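Novice: Pasting a structure here, questions to come.
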Amino acid sequence: MVTGPLLIGIFILSVAVLLITIIKFKLNAFVSLLITSIATAVLVKMPVADIASTVSSGFGSTLAGIGIVTGLGVMLGKFMFESGGIEVMSNTILKKFGDKNTPQAIALSGFLTGIPVFGDVVYIMFAPMLRVLSKKTGVSMVAYACAISVATTCTYSLVIPTPAPLAVAEALKIDVGIFFIYALICAFIGTLIGGIMYAKFIDKVDHKNNHTYSFDDITLTDELAATSENVKEKPGFIKSLSILLVPILLILIGSFGSMALGDKSSLTPFIKFIGDKNVAMLIGVIYAALVSRRYIEKSVSDIMNEAADQVGLVLLITGAGGAYGKVLQSTGIADYIAISLSGFAIPILVLCFIIAQIIRCAQGSTTVALLTTASILGSTIAASGISPILCAISICAGGIGLSLPNDSGFWAISRFFKISVADTIRGWTIGGFISGLTILIVASILSLFQGILPGLM
């Protein structure tokens, strides 16, 4: 196989092929990743007999780590959505905060709902209500778009059981329970700075410049529909929140309970079992089905089938990303890049953020960016002496900001909230970057205490 500096050129070419096929030719990310994986293996002169097995091995091992929990996570979110639990949680938070503090309420709602539900679903659900709120309160529509999009993406990029952080955790072989705690803290701080404080700044600027949007299409009927209680019976706030918390608490008990009891305790095997991410999510889905059954019009089986249909492409893209990473590792590209980059004396946390940010910015997909970065830097992170937990957080932070028009989420925000491209850049692209940069800074501060804080070794 090819060795030496030529590996860098092949790697750059492979990334270029990946980006061009996705951006220029609009090729599906799953197919593009597979083509890039095989082409990279061919260019480095990997034995033909090994190419297919390497790609299959990378695909399979990635899905073995996160396939089950991803599918169950989508089912959990589907039960919350169909039962009305998401709506109940959002409306309760809005009522508690009041009209003047609606950006904070919207950000908190997006922060919670972004964990079990994909971003586009959250935007579709919130958009009509937020346009009514903007008309009633006078708060800038761009500020609302910033608050919900930044908060939702912070949790999507950092907080399990969403696919992207799970894939990073699997690639770096870190404890998902400990990762969850620190990632949740960082995501919340990122939401506070990029999703709330920056949203308030946007609101002030828009009022100063008299930058408003027309809501002539909103009638009294629309307003009543968005603000009144639906006739359909819904679960209460605590019951809705419990659907989200049950699997998370089980995972945390498995991680921290086993640490506290030690390996000698007879309870440790049981705690580790129920705290396993797959078992915890299965228990969570069963609990969600039982709690939601009274409030859903469809059958439990139908909801599970619909969720399974939705998760298919996500799993294919994630698995293909793992295949690309396996090729990079097997051909020696990842190791050579790691050795070469170490000569630039860039702090590892910053390097994690920059590479993820560049790939995210270039081709639009958060999941692809995070998987690729974790694959490239896996060995460097292992040898760096910096906590892999914090490195994973920095990688995930790099996947948040600088969303451009090559990102489907960019157009979802612009379309659903009916704001211009320029305002989408102001509210989401810049807001997301501020949030990601904030999370990188928090991770860097935490690294100063990694010998003191639990789990950061």
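Novice: Which numbered condition trips up S447, out of (1) at pLDDT 85 or above; (2) closer than 27 Å to V132 by Cβ?
Specialist: It fails just one condition, (2).
Novice: Let me ask you something else. Read through the list (1) at pLDDT 90 or above; (2) of a type outside the set (A, V, I, L, M); (3) more than 24 Å from the chain's Cα centre (by Cα), then give the number of the only condition that T331 fails.
Specialist: All conditions are met except number (1).
Novice: Name the one entry in F273, F188, F215, F179 that is at pLDDT 85 or above, open to solvent by less than 70 Å² (accessible area, probe 1.4 Å) and touching a helix residue (DSSP H, G or I) at 6+ places or on another chain (Cβ under 8 Å).
Specialist: Numbers: F273 fails: open to solvent by less than 70 Å² (accessible area, probe 1.4 Å); F188 fails: open to solvent by less than 70 Å² (accessible area, probe 1.4 Å); F215 fails: at pLDDT 85 or above.
Among F273, F188, F215, F179, only F179 is at pLDDT 85 or above, open to solvent by less than 70 Å² (accessible area, probe 1.4 Å) and touching a helix residue (DSSP H, G or I) at 6+ places or on another chain (Cβ under 8 Å).
Novice: Give V150, V142 a once-over and let me know the one that is hydrophobic (A, V, I, L, M, F, W, C), in contact (Cβ under 8 Å) with a residue 60 or more places away in the chain and over 16 Å from T113 (Cβ atoms). So that I can check it myself, show each step before the final result.
Specialist: Working: V150 fails: over 16 Å from T113 (Cβ atoms).
After applying the criteria, what remains is V142.
A quick yes/no check of all residues on (1) open to solvent by 30 Å² or more (accessible area, probe 1.4 Å); (2) of a type in the set (A, V, I, L, M, F, W, C):
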{"position": "L7", "(1), (2)": "no, yes"}
{"position": "L13", "(1), (2)": "yes, yes"}
{"position": "A16", "(1), (2)": "yes, yes"}
{"position": "T21", "(1), (2)": "no, no"}
{"position": "K24", "(1), (2)": "yes, no"}
{"position": "A29", "(1), (2)": "no, yes"}
{"position": "L33", "(1), (2)": "no, yes"}
{"position": "V44", "(1), (2)": "no, yes"}
{"position": "D50", "(1), (2)": "yes, no"}
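Novice: T221 - would you say it is more than 30 Å from G455 (Cβ to Cβ), assigned to a helix (DSSP H, G or I) and modelled with pLDDT under 85?
Specialist: yes
Novice: Is it fair to say S90 is assigned to a helix (DSSP H, G or I), more than 30 Å from V291 (Cβ to Cβ) and not aliphatic (A, V, I, L, M)?
Specialist: On the way: assigned to a helix (DSSP H, G or I): yes; more than 30 Å from V291 (Cβ to Cβ): no; not aliphatic (A, V, I, L, M): yes.
No.
Novice: Out of curiosity, is A171 modelled with pLDDT under 90 and crowded, with 24+ Cβ neighbours inside 10 Å?
Specialist: Spelling it out, A171 is indeed modelled with pLDDT under 90 and crowded, with 24+ Cβ neighbours inside 10 Å.
Novice: Take the residues of region 417-454 that are touching a Leu at 6+ places or on another chain (Cβ under 9 Å) and among the aromatic types (F, W, Y): which is least open to solvent (accessible area, probe 1.4 Å)?
Specialist: F417
Novice: Any residue in region 107-135 that's closer than 24 Å to F180 by Cα and open to solvent by 10 Å² or more (accessible area, probe 1.4 Å): show its pairings with residues that are modelled with pLDDT under 70 and basic (K, R) at Cβ separation under 8 Å, as long as the two are six or more apart or on different chains.
Specialist: No pair meets every condition.
Novice: Determine which member of the set F59, F81 is open to solvent by less than 70 Å² (accessible area, probe 1.4 Å) and either of a type outside the set (A, V, I, L, M) or more than 24 Å from the chain's Cα centre (by Cα) (or both).
Specialist: F59
Novice: A further question on this structure: Just to check your reading of the model, which residue among A307, A288, A280 is without any contact (Cβ under 8 Å) to a residue 40 or more places away in the chain, buried (at least 19 other Cβ atoms within 10 Å of the Cβ) and either closer than 19 Å to S242 by Cα or not hydroxyl-bearing (S, T, Y) (or both)?
Specialist: The match here is A280.
The values are calculated or read from the model by the stated rules, or taken from the named source; none is laboratory data. All values derive from a computational prediction rather than experimental measurement. Note that we place each Cβ from the backbone using ideal geometry, even for glycine, and neighbour counts take in every protein chain shown. Heads up: the accessible areas ignore ligands, DNA and RNA and are worked out on the full protein's heavy atoms, side chains in. Shrake-Rupley method; radii C 1.70, N 1.55, O 1.52, S 1.80 Å.
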